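Engineer: Let me begin by handing over the structure; questions about it come next.
The values are calculated or read from the model by the stated rules, or taken from the named source; none is laboratory data. Please read these numbers as outputs of a predicted model, since none were measured by experiment. No Cβ is skipped: glycine too gets one built from the backbone with ideal geometry, and neighbour counts run over all protein chains shown.
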Amino acid sequence: MNPNKNTLLPLNNTVLVPGARFREVYYWDSYWVIKGLLVSGMTDTAKGVIENLMELAERYGFVPNGARIYYENRSQPPLLSMMIRAVYEKTHDKALLKRALPILLREHAFWTSEPHEVRVRDKNGDEHRLSRFWAHWNSPRPESFTIDTHVARGMNKSRAAQLYHDIATAAESGWDFSSRWMEDQQNLRTLRTSMIIPVDLNAFLFQMEKNVEYFASILGNQTIQTQFASAASDRQRAIQRILWSRKRGQWFDAWLSPNGCSFSENDNKTIVYEWKQKRLTYASNFVPLWAGVLPKGDPRRALVVEALNKSGLVLPAGIATSLRNTGQQWDFPNAWAPLVDMVIEGLDASGIPRGKMMAKAISQSWIRSNYEAYHQVGKMLEKYDATSCGKIGGGGEYNLQTGFGWSNGVVLSLLQKYGWPADKPLFCPDAL
Ligand SMILES: OC[C@H]1O[C@H](O[C@H]2O[C@H](CO)[C@@H](O)[C@H](O)[C@H]2O)[C@H](O)[C@@H](O)[C@@H]1O
């Protein structure tokens, strides 16, 4: 392949792609692809997937959205450390950790420096640092150029540039697109992605910090171990003070005020934003349970399990992404394998008996629905519809894609975890 005539970024190891339209490596998809590879005993291939991402991170200082030239302006949800942990737990390969550590430090610096990192104060006036998504781009996305220019029609140059930035930033979040990032929760023209502190991103960064602490402890690097233990505990405190709602038993995204801000006491040049939780229901509100933000035995875990149970997101065929049907793909009624997996794993690890039961029940309805849809379409799908067993997903700017990397990975890992009860039919109840 001639890199001057192709948008693909060259990689040195086996490449696994999501499928159909998506013929290149994607960052956060790779975590669930690796889960599937590990279930299939393909550990070396999984290592190769990680090596590809590490090479990209060495080249750019972060892992790009995907292996295409037009994805160089942004990353995606940072799950590299989770991929490394999954492979390490199978192989105990210290050489992998040794190679990964400096790369993870660079990736951490990318997410914890401006403009990704922002400062906010809690109700007691204590200052905290949390991160947001932020693409370095303010033009239409090359891969969806006509669509983006259409969305920005009639806007003046600077308003359009701001919108293009928030569109690309939504792509960095992996949730492209969702009412979650819209001021009025229905119109793409009101996207404000870069002015939101997202729950899931900070949960992923907490995990990254805990993983780096763990890897450093294995490698005997006490300085990094201590530094990251303290980074994780700072973020845990910030997540609890800014994003948690005890009353609602879940975490909510915080919206930054573009006008309301002051300067940091420690350094009078850095902006400290005013913020407000937007208390809307999204599957991402429950990601911190998966990421272990609440320690083992913490009574708040039971509140989260109860809140999820009553959220309206748990439906007959999986977990809905949101409660709002906007026609966007990261909204109701779509159910996505990565979100379903994080919810199931979080419930299972909660230590709450009801949570464990819910995890198993959601897993069964998900496997059934995937199986039924496979039977109808002959392929695994990118997303499903949570409202009814076997129903396929839709919405958004492109047609439903088949293949599909993360759906395959999640179904394999759930089958490995729970098996399938011999006395239970695999087809949807009303299809029998
Ligand atoms: O081409 C449109 C957009 O497509 C990608 O996003 C969607 O597919 C990815 C691959 O499965 C997935 O990681 C992402 O969560 C999906 O929303 C791409 O990541 C976007 O940057 C791109 O504009």
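Engineer: So, of the residues in the stretch 396-431 that are in contact (Cβ under 8 Å) with a residue 24 or more places away in the chain and aliphatic (A, V, I, L, M), which turns out to be farthest from residue 24 (Cα to Cα)?
Structural biologist: 431
Engineer: How many residues, within the stretch 382-396, are among the hydrophobic types (A, V, I, L, M, F, W, C) and surrounded by fewer than 22 Cβ atoms within 10 Å (Cβ to Cβ)?
Structural biologist: The qualifying residues number 1.
Engineer: Here is a check on your reading of the model: is residue 309 more than 16 Å from the ligand (Cβ to nearest atom), in a helix (DSSP H, G or I) and at negative phi?
Structural biologist: yes
Engineer: If residue 26 passes every condition in (1) within 16 Å of the chain's Cα centre (by Cα); (2) more than 10 Å from the ligand (Cβ to nearest atom) but one, which one does it miss?
Structural biologist: For residue 26, the exception is condition (2).
Engineer: I'd like to know if the stretch 397-405 contains one or more residues that are surrounded by fewer than 15 Cβ atoms within 10 Å (Cβ to Cβ) and hydroxyl-bearing (Ser, Thr, Tyr).
Structural biologist: Checking the stretch 397-405: at least one residue is surrounded by fewer than 15 Cβ atoms within 10 Å (Cβ to Cβ) and hydroxyl-bearing (Ser, Thr, Tyr).
Engineer: Is it the case that some residue within the stretch 173-187 is among the small types (Gly, Ala, Ser), within 16 Å of the ligand (Cβ to nearest atom), within 22 Å of residue 347 (Cβ to Cβ) and assigned to a loop (DSSP other than H, G, I, E, B)?
Structural biologist: yes
Engineer: Any residue at all in the stretch 138-161 that is more than 23 Å from residue 322 (Cα to Cα), within 12 Å of the ligand (Cβ to nearest atom), part of a loop (DSSP other than H, G, I, E, B) and among the charged types (D, E, K, R)?
Structural biologist: yes
Engineer: Looking only at the stretch 89-107, how many residues end up being buried (at least 19 other Cβ atoms within 10 Å of the Cβ) and either of a type in the set (Asp, Glu) or within 21 Å of the chain's Cα centre (by Cα) (or both)?
Structural biologist: Residues meeting the conditions: 4.
Engineer: Within the stretch 371-397, how many residues are more than 22 Å from residue 282 (Cα to Cα) and either within 16 Å of the ligand (Cβ to nearest atom) or part of a helix (DSSP H, G or I) (or both)?
Structural biologist: 9
Engineer: Kindly indicate which of 218, 239, 271 is surrounded by fewer than 14 Cβ atoms within 10 Å (Cβ to Cβ), touching a residue at least 24 places away in the same chain (Cβ under 8 Å) and either touching a His at 6+ places or on another chain (Cβ under 8 Å) or hydrophobic (A, V, I, L, M, F, W, C) (or both).
Structural biologist: It is 271.
Engineer: Return only the number of the condition from (1) of a type outside the set (Asp, Glu); (2) more than 15 Å from the ligand (Cβ to nearest atom); (3) surrounded by fewer than 17 Cβ atoms within 10 Å (Cβ to Cβ) that residue 37 does not satisfy.
Structural biologist: (3)
Engineer: Out of the stretch 247-275, which residues are among the polar types (S, T, N, Q) and within 25 Å of the chain's Cα centre (by Cα)?
Structural biologist: Answer for the stretch 247-275, where residues must be among the polar types (S, T, N, Q) and within 25 Å of the chain's Cα centre (by Cα): 250, 257.
Engineer: Only one of (1) touching a residue at least 40 places away in the same chain (Cβ under 8 Å); (2) crowded, with 20+ Cβ neighbours inside 10 Å; (3) closer than 19 Å to residue 305 by Cα is not met by residue 359, so which one is it?
Structural biologist: Of the numbered conditions (1) touching a residue at least 40 places away in the same chain (Cβ under 8 Å); (2) crowded, with 20+ Cβ neighbours inside 10 Å; (3) closer than 19 Å to residue 305 by Cα, the odd one out for residue 359 is (1).
Engineer: If only one of 52, 65 is out of contact with any His (no Cβ under 6 Å at 6 or more places or on another chain) and away from the ligand (no atom under 15 Å from the Cβ), which one is it?
Structural biologist: After applying the criteria, what remains is 52.
Engineer: Which residue is surrounded by the most Cβ atoms within 10 Å (Cβ to Cβ), if the candidates are limited to the stretch 109-150 and must be under 22 Å from residue 6 (Cα atoms) and among the hydroxyl-bearing types (Ser, Thr, Tyr)?
Structural biologist: The selected residue is 144.
Engineer: Further question: Just wondering, is there one or more residues in the stretch 255-267 that are touching a Leu at 6+ places or on another chain (Cβ under 6 Å) and at pLDDT 95 or above?
Structural biologist: For the stretch 255-267, residues touching a Leu at 6+ places or on another chain (Cβ under 6 Å) and at pLDDT 95 or above: absent.
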